[in-house]
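Taking it in order: structure first as structure tokens, then the write-up.
The values are calculated or read from the model by the stated rules, or taken from the named source; none is laboratory data. Nothing here was measured: the structure is a model prediction, and the numbers come from that model. Positions of Cβ are backbone-derived with ideal geometry, glycine not excepted, and every protein chain shown enters the neighbour counts.
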Amino acid sequence: MSEQRSPDESVRQWRETVGQDDAVLLDGFHALKHALRFGAEIRAVVADDPDAVRALAAELAPDVAPEVGRLVRRAPLRELLPRVHPTGVAALAVRPDRAAGRAALARLPRPAPVVVLDNPRNLGNVGAVVRLAAGFGATGVVTRGDLDPWHPNVVRAGAGLHYATTVERLALEELPAGPLYALDPEGADIRGLTLPDDALLAFGSERHGISPELRARADHLVSLPMRPQVSSYNLATSVAMTLFHWGGPATGATQGGEHS
């Protein structure tokens with residue numbers, strides 16, 4: 001397939017686009033694949049070897065291979081990125097409209113809970129939670145605090161699945177309506193509870209737990225089963241256990257998964 005744009009033109013387009021406020025870096029093929037599957041607007045796709053990326057798409061994601069083939073352009077990745085993903089491709093997408101995201105979170109009745117991360121600190125953990133929320137069909141992931149849930153490292157860890165759910169940063173007073181279930185060691189054992197679809201499922205950091213202000217806002221305190229003398233679970237593990245207890249997609253679920 002012939003290139004429609006020279007490498008210099010691709011570099012110029014990338015540099016013009018990457019500085020825009022709504023630009024989201026998709027680092028690697030799997031992030032690009034998921035973003036395309038869930039309707040992201042893609043502004044640029046660059047690779048050292050576009051034909052290799054087209055072959056990878058044909059092998060791993062034939063459903064989006066034609067779109068990948070149309071979009072990918074040759075450009076020297078080491079000139080554009082601090083590190084190059086092993087799959088040899090990167091893309092720039094448009095961040096979803098924030099007003100639409102907030103409206104989606106607030107809409108009732110909700111078909112699935114919203115995951116609330118209370119002042120998370122680890123970018124990779126937040127990305128892993130986004131990935132879990134997308135897989136379970138949660139309505140969205142909300143963060144409180146100064147961490148940007150659309151940071152490039154979060155999007156990388158989430159494998160582009162920010163586009164499969166709603167991801168926003170909100171203040172306490174901006175949280176959507178719904179009963180708030182806060183994970184806390186002093187809470188009721190989750191195995192004896194039914195989590196409603198309209199719940200807000202709130203998780204604190206491994207070190208500090210739920211903040212006092214969010215704990216005061218909680219309607220229910222919930223604990224996960226844990227062996228004595230084990231201090232805590234990883235944040236993503238706690239979210240996975242809780243979403244598994246809630247349930248998952250009622251239709252279209254598949255067993256297993258794909259490597260990324």
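List of remarks:
- Options Ala40, Ala57: the member that is part of a loop (DSSP other than H, G, I, E, B) and either free of Cβ contacts under 8 Å to residues at least 24 places away in the same chain or buried (at least 20 other Cβ atoms within 10 Å of the Cβ) (or both): Ala40
- On inspection, Leu108 qualifies as surrounded by fewer than 15 Cβ atoms within 10 Å (Cβ to Cβ), among the hydrophobic types (A, V, I, L, M, F, W, C) and within 30 Å of Glu41 (Cβ to Cβ).
- Any hit, the range 132-150, residues being touching a Pro at 6+ places or on another chain (Cβ under 6 Å), of a type in the set (Val, Ile, Thr) and under 16 Å from Ile210 (Cα atoms): yes
- Exactly one residue out of Asp22, Asp48, Asp27 is out of contact with any helix residue (DSSP H, G or I) (no Cβ under 8 Å at 6 or more places or on another chain) and among the acidic types (Asp, Glu), and it is Asp22.
- Residue in the range 76-86 that is crowded, with 21+ Cβ neighbours inside 10 Å and among the aliphatic types (A, V, I, L, M) present: no
- Answer from Ala100, Ala90 - the residue that is surrounded by fewer than 15 Cβ atoms within 10 Å (Cβ to Cβ) and within 20 Å of the chain's Cα centre (by Cα): Ala100
- Only one of Ala199, Ala182 that is touching a Pro at 6+ places or on another chain (Cβ under 6 Å) and over 30 Å from Val89 (Cα atoms): Ala199
- Meets criteria (surrounded by fewer than 17 Cβ atoms within 10 Å (Cβ to Cβ) and modelled with pLDDT under 95) for Gly145: yes
- Of the residues making up the range 70-85, at least one is at pLDDT below 95 and acidic (Asp, Glu).
- Considering the conditions (1) in contact with a Ser or Thr (Cβ under 7 Å, 6 or more places away or on another chain); (2) surrounded by fewer than 21 Cβ atoms within 10 Å (Cβ to Cβ); (3) within 26 Å of Gly247 (Cβ to Cβ), Asn119 is excluded by exactly one of them, (3).
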